[in-house]
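Student: Sharing a structure below in structure tokens format, with a few things to ask.
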Amino acid sequence: MTDIRPRRFDLIAFDWDGTLYDSTRLIVRCIQAAVVDVGGAKPNENDAAWVIGLGLAEALARAAPDVPKEKYAELGARYRYHYLQHQDDLVLFDGVLPMLDALHARGHKLAVATGKSRRGLNEALATVALRDRFDASRTADETFGKPHPRMLLELMEELDAPADRTLMIGDTTHDLQLALNAGCASVGVSYGAHEPDSFDVLKPLHVAHSVSGLTQWLLENA
């Protein structure tokens, strides 16, 4: 029987790392290694994880407050070096592809809003054959980094989705603040970079603890 319930959201925008892609631990290790490579103090895991979702330059600067600005270019190069050594190790969280297919079948427009670079996102999409599953995407280097609302506002304009019909899903406070700044609703996931205790003040509609839980909530409420 066809599900004819009205959809609450026309556009569902996903963060990438830690939300769809199981990359949080690798990114933390790469940030730590890059900072040490340029002579900075190794950030702890919590500090390295907190910056995930920001644009790369801002993330590295915050993770390495003792590294001088003149070394930021080298810091970014060392991060990319470490990441590229292992990027093929990354995998989608279990259940992501069926979730995207189910949402697409329901008629939702799907997008990616990420702190990754355009080059990095395109490589990831090609690696996991996901390109055709998204209607649009925006990266931090072609707009502004999170939580600035520009990337989400551009997606809404491109896909003709008003703010009250747009949902942002992510694993960090940066993602949820992005949604607030753009006037959109949000859903958090607890299996990524940030502890879900920090989500409450940003008023997500729901916090999912697994991809299967996220899928169930979306199919029942989105």
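The values are calculated or read from the model by the stated rules, or taken from the named source; none is laboratory data. Please read all numbers here as calculations on a predicted model, not as lab measurements. Ideal geometry is used to build each Cβ from the backbone, glycine not excepted, and the neighbour counts take in all protein chains shown.
Student: Output the residues belonging to the stretch 18-38 that are part of a helix (DSSP H, G or I), touching a helix residue (DSSP H, G or I) at 6+ places or on another chain (Cβ under 6 Å) and either at pLDDT below 85 or outside the structural domain of residue 76 (by TED's automatic domain parsing) (or both).
Tutor: Correct list: 26, 28.
Conditions tested, residue by residue: (1) within 17 Å of residue 11 (Cβ to Cβ); (2) part of a strand (DSSP E or B); (3) of a type in the set (A, V, I, L, M, F, W, C).
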{"site": "97", "(1), (2), (3)": "no, no, yes"}
{"site": "100", "(1), (2), (3)": "yes, no, yes"}
{"site": "107", "(1), (2), (3)": "yes, no, no"}
{"site": "121", "(1), (2), (3)": "no, no, yes"}
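Student: For the stretch 182-216, give me the residue count where each residue is buried (at least 16 other Cβ atoms within 10 Å of the Cβ), assigned to a helix (DSSP H, G or I) and either in contact (Cβ under 8 Å) with a residue 24 or more places away in the chain or of a type in the set (Lys, Arg) (or both).
Tutor: Adding up the residues that qualify gives 5.
Student: Anything in the stretch 156-178 that is under 15 Å from residue 10 (Cβ atoms) and more than 11 Å from the chain's Cα centre (by Cα)? List them, or say none.
Tutor: Within the stretch 156-178, 156, 157, 158, 159, 160, 161, 162, 163, 164, 165, 166, 167 qualify.
Student: Hey, another quick one. Out of everything in the stretch 75-94 that is exposed (fewer than 15 other Cβ atoms within 10 Å of the Cβ) and not acidic (Asp, Glu), what residue ends up being nearest to residue 124 (Cα to Cα)? Outline the logic, then answer.
Tutor: Applying the first criterion (exposed (fewer than 15 other Cβ atoms within 10 Å of the Cβ)) to the stretch 75-94 yields 77, 81, 84-86, 88-89, 91, 94.
Add one more test, that the residue is not acidic (Asp, Glu), and what stays is 77, 81, 84-86, 91.
Numbers: 77: 19, 81: 16, 84: 11, 85: 14, 86: 12, 91: 10 Å.
Top of the filtered list is 91.
Student: Going through the stretch 4-14 one residue at a time, which ones are at pLDDT 80 or above and out of contact with any Phe, Trp or Tyr (no Cβ under 9 Å at 6 or more places or on another chain)? Even if it seems obvious, please write down each step before you answer.
Tutor: Our first condition is that a residue be at pLDDT 80 or above; within the stretch 4-14, this holds for 7-14.
Correct list: 7, 8, 9, 10, 11, 12, 13.
Student: Of all residues being of a type in the set (D, E, K, R) and free of Cβ contacts under 8 Å to residues at least 60 places away in the same chain in the stretch 51-74, which is surrounded by the most Cβ atoms within 10 Å (Cβ to Cβ)? Just the residue, please.
Tutor: Only one residue tops the list, namely 71.
Student: Let me ask another. Can you name every residue in the stretch 39-53 that is at pLDDT below 85 and of a type in the set (A, V, I, L, M)?
Tutor: Residues satisfying the conditions are 48, 49, 51, 52.
Student: In the stretch 149-181, what residues are surrounded by fewer than 17 Cβ atoms within 10 Å (Cβ to Cβ), among the acidic types (Asp, Glu) and part of a helix (DSSP H, G or I)?
Tutor: Hits for the stretch 149-181 are 157, 158, 164.
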